[in-house]
Amino acid sequence: MANERRLLRVLDGERLSPPPVWMMRQAGRYLPEYRATRAKAGSFLDLCYAPELATEVTLQPIRRFGFDAAILFSDILVIPHALGQKVWFVEGEGPRLEPIDLSRQELQPDRLLERLAPVIETVSRVRSELPKETALLGFCGAPWTLITYMVAGRGTPDQMPARRAALADPSGVDRLVDVLVDASIDYLSAQLAAGADAVQIFDTWAGALDDTGFWRFVIEPTKRIVAGVRARVPNARVIGFPKGAGGHLPAYVRETGVNAVGIDWQASLDFVRDSVQPQTAVQGNIDPLHLVVGGGALDAAVDRVLDRLGEGRLIFNLGHGITPDGSIDNVARMLARVRGGR
Ligand code: CP3
């Protein structure tokens, strides 16, 4: 019998029309109901570690829009936090961390799953409350993207501190990658065991590396995570999102063996159709700004993705997360058009 969760059918190799659809950052500040729950939680990290509230915000966009997938509400920085690094969020600015000293790396991998237990509890609560046709996605940050924050202590426009470390002390970065690969395998396997149907590995800053760095710090660690998770959870479904990977996409897909790859909005759709989609399902790639601007430009962008990628395996999504100024009406407009309103 065909899987009732349409998104999983695409991950398992089918082409579906209309394609399943969800949105990165679909639970977030553009939703008034998210802002209300967020205000109750206290700090952003408190929200990530409060199973009842995190379950509520995970379900909000499903109730409102009926997406084909829910994504666990948490953050990629809970891994460094659970490894013992100091992490906090400054309102209106973003994450802050006490920068890690690569030569000393005083992390505590032994307590990872104990500290992440509330997030795993959120996964099982969400699964028990989701409609049966809605897939549940777990996730983690890829080692390289985590390292950009762990080394710089904050988000940076060009990931300069981590790129510099990767050139000056590549074996120090390798040691940190090793810790993060093991942590990611434990964490993703626990999410799958708790009821996640698939997991996504967010490598937001993959595009910042040169060719050598991309192989060493993006492809190799991701390959080890995918293999490690599948050794624990046979046939585990994994979506990779190496943002900015461009011409590296075919190698990334071939080497890592992901079931789908996320495509950012800068990618050439002809290239993706001809050189990536024959190997794996693709997920993307509307520019999130279209959800701010809307109108005919949004319609045209939706049509273009469907025309270029709709003949192959496609999961409709954005090319990155929706921004706080994205409009609810534009999300509804996009969904209606994807689902057949052309
Ligand atoms: O997609 C979802 O709905 C699930 C939840 C989710 C969040 N962050 C919630 C969040 C996911 C999958 C993430 C991933 C994440 N977090 C990434 C990778 C993907 C990406 O967007 O690039 C990264 C780099 C982070 C780190 C992070 N978290 C940053 C840089 C920020 C600040 C920027 C911002 O948008 O404020 C966050 C905070 C964050 N994570 C918010 C949400 C809803 C906003 C904080 C708030 O509500 O106060």
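The values are calculated or read from the model by the stated rules, or taken from the named source; none is laboratory data. All figures in this text were calculated on a predicted structure; none of them were measured in a lab. Positions of Cβ are generated from backbone atoms using ideal geometry, with glycine treated the same way; all protein chains shown enter the neighbour counts. Quick note on the areas: whole protein, heavy atoms, side chains included, nothing else; ligands and nucleic acids left out. Shrake-Rupley method; radii C 1.70, N 1.55, O 1.52, S 1.80 Å.
Can you give me the % of accessible surface on region 6-341 that is carbon or sulfur? Probe 1.4 Å, all protein chains present, nothing else counted. Display every interim value, and only then the final one.
On the way: 6430 of 13070 Å².
Ligands and nucleic acids excluded, carbon and sulfur reach 49 percent.
When only the heavy atoms of the protein chains count and the probe is 1.4 Å, how do Lys132, Lys40, Lys223 rank by accessible area, highest first?
Putting Lys132, Lys40, Lys223 in descending order of accessible area: Lys40, Lys132, Lys223.
Could you tell me how far the Cα centroid of region 200-267 sits from the Cα centroid of region 139-185, in Å?
Rounded to whole Å, the Cα centres lie 15 Å apart.
Please work out the FRET efficiency for the pair Val293 and Ser103, using the Cβ-Cβ distance as r and a Förster radius of 41 Å; give the result to the nearest 0.05. Numbers along the way, then the final one.
Working: r = 47 Å, r/R0 = 1.15.
Efficiency computed from Cβ-Cβ geometry: 0.30.
DSSP loop (so not H, G, I, E, B), at most 12 other Cβ within 10 Å: list which GluC sites (Glu not before Pro) in region 43-113 pass both filters. Mind showing how you got there, number by number?
Working: sites: Glu52, Glu56, Glu91, Glu93, Glu106; in loops: Glu91, Glu93, Glu106.
Sparse-neighbourhood loop GluC sites (Glu not before Pro): Glu91, Glu93, Glu106.
What number comes out for the charge environment of Ala267, summing +1 per Lys or Arg and -1 per Asp or Glu over other residues with Cβ under 13 Å away? Present the calculation step by step, with values, prior to reporting the outcome.
Details: positive: Lys243, Arg273, Arg304, Arg308; negative: Asp264, Asp270, Asp274, Asp287.
Net local charge, Ala267 excluded: 0.
Can you tell me the accessible area per residue over region 268-342, all protein chains present, probe 1.4 angstrom, in square angstrom? Before the final figure, lay out each step's value.
Working: 2990 Å² over 75 residues.
For region 268-342, the per-residue accessible area is 40 Å².
Assign one of three labels to region 104-160, namely rounded, prolate or oblate, based on the Cα gyration tensor with a ≥ b ≥ c the square roots of its eigenvalues; rounded applies when a/c is under 1.5, prolate when it is not and a/b is larger than b/c, and oblate otherwise. Could you put the intermediate results ahead of the total?
On the way: a/c = 4.00, a/b = 1.72, b/c = 2.32.
Since a/c reaches 1.5 but b/c is at least a/b, the shape of region 104-160 is classed as oblate.
Report, in deg cm²/dmol and to the nearest 500, the calculated mean residue ellipticity at 222 nm for the chain, where each DSSP H run with n ≥ 4 adds -39500 (n - 2.57) and the sum is divided by the residue count. Let's see the in-between values first.
On the way: 16 runs with 159 residues, N = 342.
Per the formula, -13500 deg cm²/dmol.
Accessible area per residue, 1.4 Å probe, Å², for region 127-193: what's the number? All intermediate terms of the calculation are to be shown ahead of the outcome.
On the way: 2440 Å² over 67 residues.
The answer is 36 Å² per residue.
If I histogram all Cα-Cα distances within region 150-297 using bins 10 Å wide from 0, what percent of pairs lands in each bin?
11, 37, 35, 16, 2, 0
Report relative contact order for the chain in percent, whole number only (criteria: Cα-Cα under 8 Å, sequence separation at least 6). All intermediate terms of the calculation are to be shown ahead of the outcome.
Values: 617 pairs, mean separation 68.6, N = 342.
Averaging sequence separation for qualifying contacts and normalising by length gives 20 percent for the chain.
For Lys243, list the lysines whose Cα falls under 23 Å from its own Cα; do not include residues on the same chain fewer than 8 positions away.
Lys223
Across bins of 10 angstrom width beginning at 0, how are the C-alpha pair distances of the chain distributed, in whole percent?
For the chain, the pair-distance distribution reads 6, 27, 37, 25, 6, 0.
What would the Debye formula give as log10 I(q)/I(0) at q = 0.16 Å⁻¹ for the alpha-carbon point model of region 1-95, no solvent?
-0.76
Would you please give the FRET efficiency between Lys86 and Asp329, computed as 1/(1 + (r/R0)^6) with r the Cβ-Cβ distance and R0 = 41 Å, to the nearest 0.05? Present the calculation step by step, with values, prior to reporting the outcome.
Details: r = 40 Å, r/R0 = 0.98.
Approximately 0.55, to the nearest 0.05.
Measuring with a 1.4 Å probe in the full set of protein chains, what accessible area per residue, in whole Å², belongs to region 204-257?
Values: 2160 Å² over 54 residues.
About 40 Å² of surface per residue is accessible.
Give me the one-decimal nm value for the distance between modelled label points at Leu167 and Glu93, 7 Å along each residue's Cα-to-Cβ direction.
2.8
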